[in-house]
Amino acid sequence: MIAPPGLIFAADAALVGLTAWLGLCAAGLGRRGLIEASQGWLLLALAWIAGSGILLGLGGGLGRSGFLGLHAAGLAVLLLGRRKQWRGDIGQGRDWLAAWGRLVRGGTPEGWLVGGLIVVLLGLTVLAAQAEPIVYDALTYRLSRIGAWLQDGTIRHYATDDPRLNYMPVAPDVVIAWLLGATNEGFHLAPLAQLAGGLLLLGATFGLGRTAGLSRLNALGAVALALGMANVAVQFTTIQSDLFTAGVFAASYLLWHRALERGEGSWVAGVGAALAFGSKGTMFYLAPGAALWVGWLAWRQRAHWQALGPTALGLLVAALVFVLPGCWRNVVTYGSLFGPRDAVRLHHGEFTTPAHAAEKLVWNLGTSAVQLLEPTAQPLWLQGVSRRAGEKLTARFSAEADPYVFIGQSRRDQLERVMRLTEPDADVVTCGILGALLFVAGLLLAATMRQRPAAAQMLVWGGGVIIYLLVQHGLVQWHHWAFRFMVLAAPWMAVVGAWGVGGLPRGWRVGAWAMLLMSATEVFAFTQWRTSQAAWQALTQPGRSASYFVYSHWRAWAEQLDQPGEPLRLAFPIDKPLASFYRLGPPRPVKLEQLSGMKTATAEAAVGAGAGWLVVPLEQFKGREGRVMGRTRLPDLAAYRALRPGEQPQPLLYRHRLITEGERIRRELLVRTWSNVPVRVELFNPMASACPFELSTPTGRVTDVVSAGSRLVVVAPVPADMLAVVTIDFPKPASGAADQGIPLVRLVP
């Protein structure tokens, strides 16, 4: 008897949690307080999942059983190595849990706030576990390659026209692959990887605040400011990787900072930093700013320079797992560490002269500054003002494309689209005006009040954030979804802002925090409630998401194709939701192919004599099918397979459009016809009265009436072996929408 996947996953999760705790105690963090112990435990758990998955992917064992076996072996080795300490480690775990209980039940304001936050996060966890909050970008390459990895058991490069499946960092997607071990179909639980990153980010924000000398309440205020940044809030229940990366790095920096202040090293922090760089390329934009933070603290603690060794060693060893394999695959396939040179140029543009680089920086920074006014990222009381100000500033931009914008987009067009939003978009929403203003105000206070405790630290952290913004805007072609990347800076922005508020006189401070907490709660709730790509909408109204609509309809269509045991051969251009074909129910093998390399004249030649369906864009072989069995899904998909012995091709529908002409409504069909195969058109009349119609083709005409509530099948008189237009005319309905007052039409065998 095979155990249910959920039970296997639960056992594996227990193994991971216990292994991470023993590793934490081996690093000496088990008794370092709630924040360091909690951050270190979750960070090590994610690193162990990602690292073991990458190793399994190299050896061909990636999957539910592989994870379970390797995690069990890892725990056994750790127990053997700590055979004299593991009982004490378990005792530290009990103390850690007891400390959480005392905090929440202690009756203190911070305990109430933490308890409330835990309830909210548990609610989000339940929502994210049940929904599939699909982001289109994830459908095109991240979930697609995860499905391919789990199918093949390996992490490798594929023959595809979307190179992002190959060259993008893999660590967060390996964690998602582990989460998907709890199910056999679909991509449920995938958002939990982001939520784990969010937990690390919130914990790091609190820890950084306490490290800078903020009171517990002010440090919790910094957490609230981070949650009130809409670009952070939305990602807690979406399938992206920015929040995962931001949380991992922030936690790693916190552990390193605190360890160095004690004169200690932290190999855990080094492992986490490598995991962050193996998670998303945007870490390289943050790296110069982070170098300022690291260099400043290392200089201040130069008496403990030996303590840098364990951190550096952890970073280098972990990079061999998290970074090196991906870079090696890229060099082998593309001749470059970072992937295809065309992709790098697409995202960064061409460097010409220093003057042009300066112009790019100014234009991009100015455009992002206007985008900060995006209305759905603001509290409700600020949305109207923000929208009006944003629209006025947007009008100052040229409607023409410039060389510093991604894929030739118009700055004005994109900003106008942003300012028209009435509901948050997970790819577009910003950190909001309040978060940015508080950060700037905190920096100004630190610059003018140097004698205040931690002012120098605020200037250094703020300077690192500014360097990051300059690097990103100076390198990257501007696009309106760049604020998604900027969650990397959220903890430091929030702490600098909270430090500024904490320095106000008591009355002003209380009033400011009351307003800010109300605003942050409002933004977080609105973002989670109204974003179509987030868990609540994905669970209650999934059809509102255009991404989920495409994903679900492509899946349903693919599941109806016959020969379920044979492969689906997918050949598509870049940026198509290939994940729709993976983890179907029942599952079927999928093979990726390059559409650009498909030079055959007909679908018959492309299919060959092998079994399975070739799935391509609808227009790819239209009118050039040869003799194959075909299926289409309007308006975008076509599938072809070889004919079985004695099997005849069936008519294919390539277009179905509705045309209003005077007092009649016309359904126009474009049908691929075959010799000796009739084209049978079914009309279904859902109305309460009969409906006359006239069906016309180049070679004939049929006039009839469809009775109320009935179906009628008509054989269309069409010419053979060609693309034929079939029109069906109905009287225009007296009232209501045209397409709801006439019969429905489809081709039937």
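The values are calculated or read from the model by the stated rules, or taken from the named source; none is laboratory data. Keep in mind that this is a model prediction, so the values were computed, not measured. Here Cβ is always computed from backbone atoms with ideal geometry, including for glycine, and neighbour counts include all displayed protein chains. To get the accessible areas, we keep the full protein, side chains included, count just its heavy atoms, and leave off ligands, DNA and RNA. Shrake-Rupley method; radii C 1.70, N 1.55, O 1.52, S 1.80 Å.
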Exercise for review: Would you please name the residue that is surrounded by the fewest Cβ atoms within 10 Å (Cβ to Cβ), looking only at residues in region 661-674 that are modelled with pLDDT under 90 and either in contact with a Phe, Trp or Tyr (Cβ under 7 Å, 6 or more places away or on another chain) or over 16 Å from C691 (Cα atoms) (or both)?
Suggested key: G662
Check your understanding: Just one of L243, L179 is open to solvent by 10 Å² or more (accessible area, probe 1.4 Å) and in contact with a Leu (Cβ under 9 Å, 6 or more places away or on another chain); which is it?
Key -> L179
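Test L254 against the criterion of being part of a helix (DSSP H, G or I), within 17 Å of the chain's Cα centre (by Cα) and modelled with pLDDT of 95 or more, and give yes or no.
So L254 fails the test.
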Practice item. Among what's in region 707-731 and is open to solvent by less than 30 Å² (accessible area, probe 1.4 Å) and not in a loop (DSSP other than H, G, I, E, B), pick the residue that is farthest from E668 (Cα to Cα). Key: V714
Practice item. Starting from residues that are among the small types (G, A, S) and open to solvent by 40 Å² or more (accessible area, probe 1.4 Å), keep the ones in region 74-85 and report whichever is modelled with the highest pLDDT. Key: A76
Check your understanding: Going by the conditions given, is V174 outside the structural domain of F581 (by the TED database), open to solvent by less than 20 Å² (accessible area, probe 1.4 Å) and of a type outside the set (K, R)?
Key -> yes
Review point. Given the residues R644, R588, which is the only one that is open to solvent by less than 60 Å² (accessible area, probe 1.4 Å) and part of a loop (DSSP other than H, G, I, E, B)?
Key: R588
Check your understanding: Of all residues in region 608-623, which are over 33 Å from the mean Cα position of the chain (by Cα) and at pLDDT below 95?
Key -> G608, A609, G610, A611, G623
Study note, to complete from the structure: Note: among G88, G61, G107, G28, just one is open to solvent by 20 Å² or more (accessible area, probe 1.4 Å), more than 22 Å from V175 (Cα to Cα), outside any helix (DSSP H, G or I) and in contact (Cβ under 8 Å) with a residue 12 or more places away in the chain, namely G28
Review point. Within region 675-706, can you find the residues that are surrounded by 12 or more Cβ atoms within 10 Å (Cβ to Cβ) and outside any strand (DSSP E or B)?
Key: P678, N685, P686, M687, A690
**Study point:** Odd one out for Q563 among (1) outside any loop (DSSP other than H, G, I, E, B); (2) touching a strand residue (DSSP E or B) at 6+ places or on another chain (Cβ under 9 Å); (3) among the polar types (S, T, N, Q)
**Key:** (1)
Review point. Taking the stated definitions as given, is Q301 polar (S, T, N, Q) and open to solvent by 60 Å² or more (accessible area, probe 1.4 Å)?
Key: no
Exercise for review: Would you check if F439 is aromatic (F, W, Y), touching a residue at least 24 places away in the same chain (Cβ under 8 Å) and assigned to a loop (DSSP other than H, G, I, E, B)?
Suggested key: no
Review point. Listed residues V496, V471; which is surrounded by fewer than 20 Cβ atoms within 10 Å (Cβ to Cβ), in contact (Cβ under 8 Å) with a residue 12 or more places away in the chain and of a type in the set (V, I, T)?
Key: V471
Check your understanding: Residue check, R544 against (1) surrounded by fewer than 18 Cβ atoms within 10 Å (Cβ to Cβ); (2) assigned by the TED database to the domain that holds G630, all met but one. Which one?
Key -> (2)
Practice item. Might you let me know whether region 6-16 holds any residue that is in contact (Cβ under 8 Å) with a residue 24 or more places away in the chain, open to solvent by 20 Å² or more (accessible area, probe 1.4 Å) and of a type outside the set (A, V, I, L, M, F, W, C)? Key: yes
Point to revise | Qualifying positions in region 295-311 - within 18 Å of G463 (Cβ to Cβ) and either in contact (Cβ under 8 Å) with a residue 24 or more places away in the chain or in contact with an Asp or Glu (Cβ under 6 Å, 6 or more places away or on another chain) (or both) | key: W296, L297, A298
Check your understanding: Do we find that A734 is part of a loop (DSSP other than H, G, I, E, B), open to solvent by 70 Å² or more (accessible area, probe 1.4 Å) and outside the structural domain of T632 (by the TED database) in this structure?
Key -> yes
Check your understanding: When you go through (1) open to solvent by 10 Å² or more (accessible area, probe 1.4 Å); (2) in contact with a Pro (Cβ under 8 Å, 6 or more places away or on another chain) one by one for L634, which number turns out not to apply?
Key -> (2)
Exercise for review: Scan (1) within 21 Å of G295 (Cβ to Cβ); (2) surrounded by fewer than 16 Cβ atoms within 10 Å (Cβ to Cβ) for the single condition L443 breaks and write down its number.
Suggested key: (2)
Revision key, fill the gap. Scanning region 125-137 residue by residue, those open to solvent by less than 40 Å² (accessible area, probe 1.4 Å) and out of contact with any Pro (no Cβ under 9 Å at 6 or more places or on another chain) turn out to be V135
